[in-house]
Each structure stands twice: as C-alpha cells, then as structure tokens.
Amino acid sequence: MAGAAIPMWEPIELLHEGAEATVTAGRWMGKPAVLKMRRARGYRHPDLDRRLTRSRLSVEVRTLGRLQQSGFSSPSLFDCDIEESWILISRIDGRPLYEAISDGSIGNVSMEDIGALIRRLHEEDISHGDLTTHNILIDDSGNLSLIDFGLARVSPELEHMGLDLQVLNECLTASHSELEGAVDSMVRGYLEGGNDEAQDVVSRFEAIRGRVRYHG
C-alpha cells in the first residue's frame, strides 16, 4: 500500500486514487493521518513534471504551516518529502459537505457560515484553488474545516480569491440546486464582519460571474 516505507506510517485504507495523487488513510505515531502521494504525469516531460510537483507540494506545505500557526480549521502538517512527492497530514473528523447537503443532514450550518469560513481563509492571505463542497468537511457538531490545498496560493491576487467564490458558486448551482438562494447567502456570510477587502473580493467575484455568463 502507498507509503509503506515511510517511518512510523501505518496505512489502513485507500481513500482516493486519481490522476494527480493517491490518498491513503492510516496512522502516524498513533495519530489518525492521511498520506497524499503525487503521481507522475506521463504526458509531461519528466523534468517539467518534477518541477511542477515540487512547486505545488512546496506551496501546500507553506499553506498548511501558515494555517496551522493561525489556528484555522484545516489539516495539520505532520511530515513531507518534496523530492519523493509525498505529504503526511492529520486526518480531520467529519465528512464532505457535499454528502451532508445531499442527504439533508447539514443541520444548523448555514451558507453564511461557509461564506465566513472562506473569508477567514482569505484573511490569512491564502486562496484555496478548488473550493467545492467535496473539500469542505462538516463534523457531527457542525464544525467546518477545509481540506485539499494542492492548488492553493499564498499571497494570492484579488482574482484568485474571486475565483474561489466562483468555483463554489458553480458547484452549488450544478450540484445543490435544491438550496434556494445558497450563493447569495454564502456571499452575505463572506461580507459579514469583513473589511473593505472582502467587498473587493465579492466585487471581483461578481465580475467573474458576469464574464462566465456572457461567454457561456
């Protein structure tokens, strides 16, 4: 199983095997953990693939370290090997928001709460890059966390933060159309308690959404 040679790592089950990475759940030093091993992309030149993989992993490591220091609800970084293309992180309790919305068990969590969570991420000067309901976790107490920072950016431009909202907008519209007014509620939560920069991000999101509608 993936990562069997990593010291103190005990693989238990394969969670996901995709084109970009293999994700395995297990234990590291007795703690619940997740190992993500990036896979070589055969269609790329090997040197280019290695450079891109190292770059993405380096950014993910920096992102997790910054969020861990700030207390943001996201996985903790346990270990990594950039050259060997793997990262070992804590496993967070909860299940994807996608499932909770689909089976009606979302409880008292509102889209405003999700908007506020995204704003807090952006206040840490980080954009996510793949902000779908599969990458938002909700536990039994209704606590929210973000996972999978493989496409994150540190010190992102305004466009990248606006794109985070647009990606979630597209996800909510396509996969959760039963949630009436979900996007507007998410935006309200993003703006509530925010500063002028939050308004700038929402304005950029509205511009991006307008461009998509125009070209769609």
> For Ile208, what is the net charge nearby, where nearby means another residue's Cβ is under 15 Å from its Cβ and Lys, Arg count +1, Asp, Glu -1?
Replying inline: -2
> Regarding the chain, what is the average projected area of its C-alpha convex hull, in nm²?
Replying inline: 13.1 nm²
>> Testing the spin-label approximation: label points 7 Å from Cα along Cα→Cβ at Ser203 and Asp139. State their distance in nm.
In response: 3.8 nm
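Compute for the stretch 58-145: radius of gyration divided by Kirkwood radius, i.e. Rg/Rh, restricted to C-alpha atoms, rounded to two decimals. Don't skip to the end; give the middle numbers.
Numbers: Rg = 13.9 Å, Rh = 14.0 Å.
Here Rg/Rh amounts to 0.99.
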> What helices does the chain have that are whole DSSP H segments, at least 27 Å long along their own axis by Cα, and with mean Kyte-Doolittle hydropathy of -1.0 or more?
Replying inline: 46-70, 196-215
>> Quick check: net charge around Ser73, other residues with Cβ under 13 Å of its Cβ, Lys/Arg +1 and Asp/Glu -1?
In response: -3
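Give me the net charge of Phe149's neighbourhood, meaning all other residues with Cβ under 14 Å from the Cβ of Phe149; Lys, Arg count +1, Asp, Glu -1. If you can, show how the numbers build up before the last one.
Numbers: positive: Lys36, Arg38, Arg56, Arg62, Arg66, Arg153; negative: Glu20, Glu60, Glu124, Asp125, Asp130, Asp148, Asp164.
Local net charge: -1.
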>> To make sure I understand, if each residue's beta carbon is the centre and we count other beta carbons within 10 Å, what order do Lys36, Lys31 fall in, fewest to most?
In response: Lys31, Lys36
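When N is the residue count of the stretch 71-121, what does its C-alpha Rg come to as a fraction of 2.2 N^0.38 Å?
Values: Rg = 14.9 Å, N = 51, 2.2 N^0.38 = 9.8 Å.
So the stretch 71-121 has a normalised radius of gyration of 1.52.
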> How much FRET efficiency would the formula 1/(1 + (r/R0)^6) give for Ala19 and Leu158, where r is the Cβ-Cβ distance and R0 is 30 Å, rounded to 0.05?
Replying inline: 0.50
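Express the relative contact order of the stretch 22-121 as a whole percentage, based on alpha carbon pairs under 8 Å and six or more residues apart in sequence.
Details: 101 pairs, mean separation 23.8, N = 100.
Result for the stretch 22-121 is 24 percent.
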> Quick one: Kirkwood hydrodynamic radius for the stretch 95-216, alpha-carbon pairs, angstrom, one decimal?
Replying inline: 14.4 Å
> Among rounded, prolate and oblate, which fits the stretch 9-90 when a ≥ b ≥ c are the square roots of the eigenvalues of its C-alpha gyration tensor, a/c under 1.5 means rounded, and a/b larger than b/c means prolate?
Replying inline: oblate
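The numbers here are math on the coordinates, done by the rules we state, and not lab data. These figures come from a predicted structure and were not determined experimentally. Heads up, the Cβs are rebuilt from the backbone with ideal geometry, glycines too, and the neighbour counts pull from every protein chain shown.
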